[in-house]
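*Asks:* Shown below is the structure under consideration.
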Amino acid sequence: MYLSVAQRNIASRNVAAVMVTANLPPFAKPGMRIDVNVSSVGDARSLEGGYLLMTPLKGPDGNVYAVAQGPVSIGPAGSFPTVGLVVGGAIVEREVPVEMSKDGVLSIVLDNPDFTTAKRVADSINDSFGKIAEAKDASRVEVRIPLSQRRDLVAFISALEELEVIPDAPAVVVINERTGTVVMGENVRISKVAIAHKNFSIAVGTPVEGVPPTQGYMMEFPEATTVGDVVKALNAVGATPKDIIAILQAIKKAGALHAELKSM
(Lines give C-alpha, C1' and ligand atoms only; values in the text may rest on other atoms or scores of the structure.)
Protein backbone atom coordinates (compact mmCIF):
# COMPACT_ATOMS: atom_id res chain seq x y z
CA MET A 1 0.00 0.00 0.00
CA TYR A 2 1.31 3.43 -0.89
CA LEU A 3 0.17 6.79 0.54
CA SER A 4 0.46 10.03 -1.44
CA VAL A 5 1.07 13.15 0.67
CA ALA A 6 1.59 16.79 -0.23
CA GLN A 7 5.20 17.97 -0.12
CA ARG A 8 4.43 20.64 2.43
CA ASN A 9 4.32 20.57 6.22
CA ILE A 10 3.48 17.00 7.25
CA ALA A 11 1.97 16.91 10.76
CA SER A 12 1.61 13.29 11.77
CA ARG A 13 -0.48 13.15 14.93
CA ASN A 14 -1.93 9.68 14.58
CA VAL A 15 -0.03 8.63 11.45
CA ALA A 16 3.72 8.12 11.24
CA ALA A 17 5.95 7.88 8.19
CA VAL A 18 8.35 5.02 8.89
CA MET A 19 11.24 3.10 7.38
CA VAL A 20 10.75 -0.68 7.49
CA THR A 21 13.69 -3.10 7.32
CA ALA A 22 14.26 -6.79 7.95
CA ASN A 23 17.05 -9.34 7.70
CA LEU A 24 16.26 -12.32 5.50
CA PRO A 25 17.93 -15.34 7.16
CA PRO A 26 19.67 -18.04 5.14
CA PHE A 27 17.45 -20.81 3.76
CA ALA A 28 14.29 -18.75 4.39
CA LYS A 29 11.30 -20.33 2.64
CA PRO A 30 8.02 -18.74 1.46
CA GLY A 31 5.55 -18.67 4.32
CA MET A 32 8.14 -18.27 7.07
CA ARG A 33 7.78 -15.30 9.42
CA ILE A 34 10.61 -12.91 10.28
CA ASP A 35 10.92 -9.88 12.59
CA VAL A 36 10.66 -6.36 11.20
CA ASN A 37 12.37 -3.16 12.38
CA VAL A 38 10.36 0.06 12.16
CA SER A 39 11.91 3.55 12.50
CA SER A 40 10.17 6.90 12.27
CA VAL A 41 11.35 9.20 9.45
CA GLY A 42 8.83 12.00 10.06
CA ASP A 43 7.92 14.20 13.01
CA ALA A 44 6.10 11.49 14.97
CA ARG A 45 7.11 11.52 18.64
CA SER A 46 6.25 7.92 19.43
CA LEU A 47 5.30 4.67 17.71
CA GLU A 48 3.75 3.27 20.88
CA GLY A 49 0.49 1.48 20.14
CA GLY A 50 1.04 1.84 16.40
CA TYR A 51 0.12 -0.62 13.69
CA LEU A 52 2.19 -1.12 10.56
CA LEU A 53 0.15 -1.19 7.37
CA MET A 54 0.93 -3.80 4.75
CA THR A 55 4.41 -2.97 3.44
CA PRO A 56 6.33 -4.83 0.70
CA LEU A 57 10.01 -5.39 1.54
CA LYS A 58 12.25 -5.27 -1.52
CA GLY A 59 15.80 -6.44 -2.00
CA PRO A 60 18.56 -4.58 -3.87
CA ASP A 61 17.37 -6.23 -7.08
CA GLY A 62 13.93 -4.62 -6.75
CA ASN A 63 12.08 -7.88 -6.10
CA VAL A 64 9.69 -8.22 -3.18
CA TYR A 65 11.01 -10.85 -0.75
CA ALA A 66 8.59 -10.35 2.14
CA VAL A 67 5.45 -8.47 3.11
CA ALA A 68 5.20 -6.88 6.57
CA GLN A 69 2.20 -5.92 8.66
CA GLY A 70 1.27 -5.90 12.32
CA PRO A 71 1.35 -4.13 15.72
CA VAL A 72 4.52 -2.22 16.60
CA SER A 73 6.24 -2.80 19.94
CA ILE A 74 8.72 -0.23 21.27
CA GLY A 75 9.99 -2.42 24.09
CA PRO A 76 10.32 -1.59 27.80
CA ALA A 77 10.17 1.88 29.29
CA GLY A 78 13.20 3.99 28.48
CA SER A 79 13.61 2.65 24.97
CA PHE A 80 13.59 4.93 21.94
CA PRO A 81 9.89 5.64 21.31
CA THR A 82 10.46 6.30 17.61
CA VAL A 83 12.00 2.88 16.95
CA GLY A 84 9.95 -0.30 17.18
CA LEU A 85 9.78 -3.97 16.32
CA VAL A 86 7.06 -6.08 14.73
CA VAL A 87 7.73 -9.58 16.02
CA GLY A 88 7.12 -12.11 13.26
CA GLY A 89 5.53 -9.29 11.30
CA ALA A 90 6.75 -10.22 7.82
CA ILE A 91 5.87 -13.24 5.72
CA VAL A 92 8.56 -14.40 3.30
CA GLU A 93 7.26 -14.34 -0.27
CA ARG A 94 10.35 -15.23 -2.29
CA GLU A 95 13.16 -17.69 -1.67
CA VAL A 96 16.80 -16.71 -2.21
CA PRO A 97 18.58 -19.50 -4.13
CA VAL A 98 21.39 -21.04 -2.07
CA GLU A 99 24.17 -23.18 -3.51
CA MET A 100 25.68 -25.10 -0.60
CA SER A 101 28.58 -26.52 -2.60
CA LYS A 102 30.24 -25.91 -5.95
CA ASP A 103 32.20 -28.56 -7.83
CA GLY A 104 32.22 -30.74 -4.72
CA VAL A 105 33.76 -28.02 -2.53
CA LEU A 106 32.10 -26.58 0.58
CA SER A 107 33.27 -23.20 1.90
CA ILE A 108 33.07 -22.47 5.62
CA VAL A 109 33.19 -18.74 6.41
CA LEU A 110 34.08 -17.64 9.94
CA ASP A 111 32.02 -14.89 11.59
CA ASN A 112 35.20 -13.56 13.24
CA PRO A 113 38.18 -13.91 10.87
CA ASP A 114 41.23 -15.34 12.61
CA PHE A 115 44.11 -17.34 11.14
CA THR A 116 44.52 -19.52 14.22
CA THR A 117 40.83 -20.38 14.39
CA ALA A 118 40.70 -21.13 10.65
CA LYS A 119 43.65 -23.53 11.00
CA ARG A 120 42.02 -25.22 14.00
CA VAL A 121 38.81 -25.74 12.03
CA ALA A 122 40.72 -27.33 9.15
CA ASP A 123 42.75 -29.52 11.52
CA SER A 124 39.62 -30.73 13.33
CA ILE A 125 37.95 -31.68 10.04
CA ASN A 126 41.06 -33.45 8.76
CA ASP A 127 41.43 -35.43 12.00
CA SER A 128 37.88 -36.74 11.60
CA PHE A 129 37.49 -37.20 7.82
CA GLY A 130 41.01 -37.35 6.44
CA LYS A 131 42.84 -34.56 4.67
CA ILE A 132 39.90 -32.87 2.97
CA ALA A 133 40.01 -29.36 4.48
CA GLU A 134 42.33 -26.43 3.89
CA ALA A 135 42.34 -22.96 5.48
CA LYS A 136 42.53 -20.52 2.57
CA ASP A 137 42.79 -17.35 4.66
CA ALA A 138 41.68 -15.94 8.02
CA SER A 139 37.97 -16.23 7.24
CA ARG A 140 37.50 -19.17 4.83
CA VAL A 141 38.05 -22.90 5.06
CA GLU A 142 37.49 -25.03 1.96
CA VAL A 143 36.28 -28.62 2.39
CA ARG A 144 36.41 -31.14 -0.46
CA ILE A 145 33.30 -33.25 0.04
CA PRO A 146 34.07 -37.00 -0.09
CA LEU A 147 32.30 -38.85 -2.89
CA SER A 148 30.54 -41.06 -0.34
CA GLN A 149 29.02 -37.98 1.35
CA ARG A 150 27.79 -36.05 -1.69
CA ARG A 151 24.46 -37.86 -1.87
CA ASP A 152 23.55 -36.72 1.65
CA LEU A 153 25.12 -33.29 1.97
CA VAL A 154 22.89 -32.29 4.89
CA ALA A 155 24.13 -35.22 6.99
CA PHE A 156 27.75 -34.37 6.12
CA ILE A 157 27.33 -30.71 7.14
CA SER A 158 25.60 -31.84 10.33
CA ALA A 159 28.62 -34.02 11.14
CA LEU A 160 30.92 -31.03 10.56
CA GLU A 161 28.83 -28.92 12.94
CA GLU A 162 29.32 -31.48 15.72
CA LEU A 163 33.11 -31.13 15.63
CA GLU A 164 34.56 -29.25 18.60
CA VAL A 165 36.88 -26.33 17.85
CA ILE A 166 38.30 -23.94 20.43
CA PRO A 167 38.43 -20.50 18.77
CA ASP A 168 41.42 -18.27 19.27
CA ALA A 169 40.70 -15.52 21.80
CA PRO A 170 42.63 -12.35 20.87
CA ALA A 171 43.56 -9.99 23.68
CA VAL A 172 40.96 -7.21 23.70
CA VAL A 173 39.86 -4.62 26.24
CA VAL A 174 36.55 -2.88 25.47
CA ILE A 175 35.66 0.40 27.17
CA ASN A 176 32.53 2.54 27.11
CA GLU A 177 33.27 6.07 28.30
CA ARG A 178 29.59 7.01 28.44
CA THR A 179 28.60 4.25 30.83
CA GLY A 180 31.97 3.60 32.45
CA THR A 181 31.92 -0.06 31.40
CA VAL A 182 35.20 -1.99 31.06
CA VAL A 183 35.22 -5.51 29.56
CA MET A 184 38.50 -7.40 29.27
CA GLY A 185 39.60 -10.73 27.91
CA GLU A 186 41.28 -13.36 30.03
CA ASN A 187 44.91 -12.76 31.08
CA VAL A 188 45.46 -9.48 29.21
CA ARG A 189 48.99 -8.53 30.26
CA ILE A 190 50.64 -5.23 31.15
CA SER A 191 54.41 -4.81 30.88
CA LYS A 192 56.67 -2.40 32.78
CA VAL A 193 55.06 0.99 33.21
CA ALA A 194 54.54 3.74 35.79
CA ILE A 195 51.40 5.88 35.88
CA ALA A 196 50.37 8.89 37.94
CA HIS A 197 46.69 9.82 37.65
CA LYS A 198 45.01 12.20 40.09
CA ASN A 199 45.65 10.66 43.52
CA PHE A 200 46.72 7.26 42.14
CA SER A 201 50.32 6.14 41.62
CA ILE A 202 50.68 2.82 39.83
CA ALA A 203 53.84 0.91 38.98
CA VAL A 204 54.06 -2.38 37.11
CA GLY A 205 57.37 -4.23 37.30
CA THR A 206 59.21 -1.20 38.70
CA PRO A 207 59.14 0.78 42.00
CA VAL A 208 56.98 3.90 42.16
CA GLU A 209 59.27 6.88 41.71
CA GLY A 210 58.73 10.13 43.57
CA VAL A 211 56.41 10.86 46.43
CA PRO A 212 52.76 9.90 46.03
CA PRO A 213 50.17 12.65 46.41
CA THR A 214 48.86 13.56 49.84
CA GLN A 215 46.20 11.08 50.94
CA GLY A 216 46.81 9.26 47.68
CA TYR A 217 47.14 5.59 46.78
CA MET A 218 50.37 3.87 45.76
CA MET A 219 50.06 0.50 44.06
CA GLU A 220 52.87 -1.76 42.89
CA PHE A 221 52.40 -4.83 40.71
CA PRO A 222 54.86 -7.48 39.48
CA GLU A 223 55.98 -7.46 35.86
CA ALA A 224 53.52 -8.95 33.33
CA THR A 225 50.56 -8.47 35.65
CA THR A 226 47.06 -8.64 34.18
CA VAL A 227 44.57 -5.86 33.46
CA GLY A 228 42.15 -7.66 35.77
CA ASP A 229 44.56 -7.32 38.70
CA VAL A 230 44.98 -3.59 38.12
CA VAL A 231 41.26 -2.95 37.70
CA LYS A 232 40.46 -5.00 40.80
CA ALA A 233 42.97 -3.01 42.88
CA LEU A 234 41.63 0.31 41.56
CA ASN A 235 38.06 -0.69 42.37
CA ALA A 236 39.15 -1.64 45.89
CA VAL A 237 40.44 1.88 46.59
CA GLY A 238 37.36 3.58 45.16
CA ALA A 239 38.53 4.59 41.68
CA THR A 240 35.69 5.68 39.40
CA PRO A 241 35.06 3.95 36.04
CA LYS A 242 36.25 7.11 34.26
CA ASP A 243 39.52 7.00 36.24
CA ILE A 244 40.04 3.35 35.29
CA ILE A 245 39.33 4.06 31.62
CA ALA A 246 41.74 7.03 31.60
CA ILE A 247 44.47 4.87 33.18
CA LEU A 248 43.95 2.05 30.65
CA GLN A 249 44.11 4.53 27.78
CA ALA A 250 47.36 5.95 29.15
CA ILE A 251 48.86 2.46 29.51
CA LYS A 252 47.90 1.67 25.92
CA LYS A 253 49.49 4.88 24.61
CA ALA A 254 52.65 4.02 26.54
CA GLY A 255 52.81 0.70 24.68
CA ALA A 256 52.52 -1.37 27.85
CA LEU A 257 49.05 -2.82 27.28
CA HIS A 258 49.39 -6.05 25.29
CA ALA A 259 45.87 -5.98 23.88
CA GLU A 260 43.68 -4.11 21.47
CA LEU A 261 41.79 -1.29 23.15
CA LYS A 262 38.33 -0.73 21.66
CA SER A 263 35.92 2.08 22.47
CA MET A 264 32.16 1.67 22.21
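*Asks:* So which residues in the range 46-57 are free of Cβ contacts under 8 Å to residues at least 40 places away in the same chain and surrounded by 12 or more Cβ atoms within 10 Å (Cβ to Cβ)?
*Replies:* Within the range 46-57, Ser46, Leu47, Glu48, Gly50, Leu52, Pro56, Leu57 qualify.
*Asks:* Can you name every residue in the range 129-148 that is over 31 Å from the mean Cα position of the chain (by Cα) and among the small types (Gly, Ala, Ser)?
*Replies:* Residues satisfying the conditions are Gly130, Ser148.
*Asks:* Next up: Name the residues in the range 222-264 that are out of contact with any Gly (no Cβ under 8 Å at 6 or more places or on another chain) and part of a loop (DSSP other than H, G, I, E, B), would you?
*Replies:* Listed by number, the residues that qualify are Val237, Gly238, Ala239, Ala254, Gly255, Ala256, His258, Met264.
*Asks:* Determine whether Gly205 is surrounded by fewer than 14 Cβ atoms within 10 Å (Cβ to Cβ) and not hydrophobic (A, V, I, L, M, F, W, C).
*Replies:* Considered against the rule, which asks whether it is surrounded by fewer than 14 Cβ atoms within 10 Å (Cβ to Cβ) and not hydrophobic (A, V, I, L, M, F, W, C), Gly205 comes out as no.
*Asks:* Output the number of the condition that Phe115 fails; it satisfies all remaining conditions of (1) more than 30 Å from Gly228 (Cβ to Cβ); (2) modelled with pLDDT of 90 or more.
*Replies:* Unmet condition: (1).
*Asks:* Need the failing condition index for Asp35 against (1) loosely packed, with under 13 Cβ neighbours inside 10 Å; (2) among the charged types (D, E, K, R); (3) within 30 Å of Arg140 (Cβ to Cβ), just the number.
*Replies:* (1)
*Asks:* Only residues that are closer than 17 Å to Leu24 by Cβ, of a type outside the set (A, V, I, L, M) and surrounded by fewer than 14 Cβ atoms within 10 Å (Cβ to Cβ): list them for the range 58-86, please.
*Replies:* Selection gives Lys58, Gly59, Pro60, Asp61, Gly62, Asn63.
*Asks:* Here is a follow-up. Which residues, taken from the range 66-103, are within 30 Å of Asp152 (Cα to Cα) and in contact with a strand residue (DSSP E or B) (Cβ under 6 Å, 6 or more places away or on another chain)?
*Replies:* Here is the first cut: in the range 66-103, the ones within 30 Å of Asp152 (Cα to Cα) are 91-103.
Ile91, Val92, Glu93, Arg94 - these are the residues of the range 66-103 that are within 30 Å of Asp152 (Cα to Cα) and in contact with a strand residue (DSSP E or B) (Cβ under 6 Å, 6 or more places away or on another chain).
Residues checked against (1) over 30 Å from Asp137 (Cα atoms); (2) outside the structural domain of Ala155 (by TED's automatic domain parsing); (3) among the acidic types (Asp, Glu):
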{"site": "Met54", "(1), (2), (3)": "yes, yes, no"}
{"site": "Asn63", "(1), (2), (3)": "yes, yes, no"}
{"site": "Val67", "(1), (2), (3)": "yes, yes, no"}
{"site": "Pro71", "(1), (2), (3)": "yes, yes, no"}
{"site": "Phe80", "(1), (2), (3)": "yes, yes, no"}
{"site": "Gly88", "(1), (2), (3)": "yes, yes, no"}
{"site": "Val98", "(1), (2), (3)": "no, yes, no"}
{"site": "Leu110", "(1), (2), (3)": "no, no, no"}
{"site": "Pro113", "(1), (2), (3)": "no, no, no"}
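*Asks:* Then there is this: When Gln69 is evaluated against the numbered criteria (1) among the polar types (S, T, N, Q); (2) closer than 13 Å to Ala16 by Cβ; (3) not in a loop (DSSP other than H, G, I, E, B), which criterion, by number, is the only one it fails?
*Replies:* Against the list (1) among the polar types (S, T, N, Q); (2) closer than 13 Å to Ala16 by Cβ; (3) not in a loop (DSSP other than H, G, I, E, B), Gln69 comes up short only on (2).
*Asks:* List every residue pair whose Cβ atoms lie under 6 Å apart, where the two residues are 6 or more positions apart in sequence or sit on different chains, the first residue falls within the range 198-223 and is within 17 Å of Asn235 (Cβ to Cβ) and of a type in the set (Gly, Ala, Ser), and the second residue, located anywhere, is part of a strand (DSSP E or B) and at pLDDT 70 or above.
*Replies:* Final answer for the pair search is Ser201/Met218.
The values are calculated or read from the model by the stated rules, or taken from the named source; none is laboratory data. None of the values given here were measured: they were computed from a predicted structure. Counting neighbours? That spans all protein chains shown, and the Cβs are built from the backbone with ideal geometry, glycine included.
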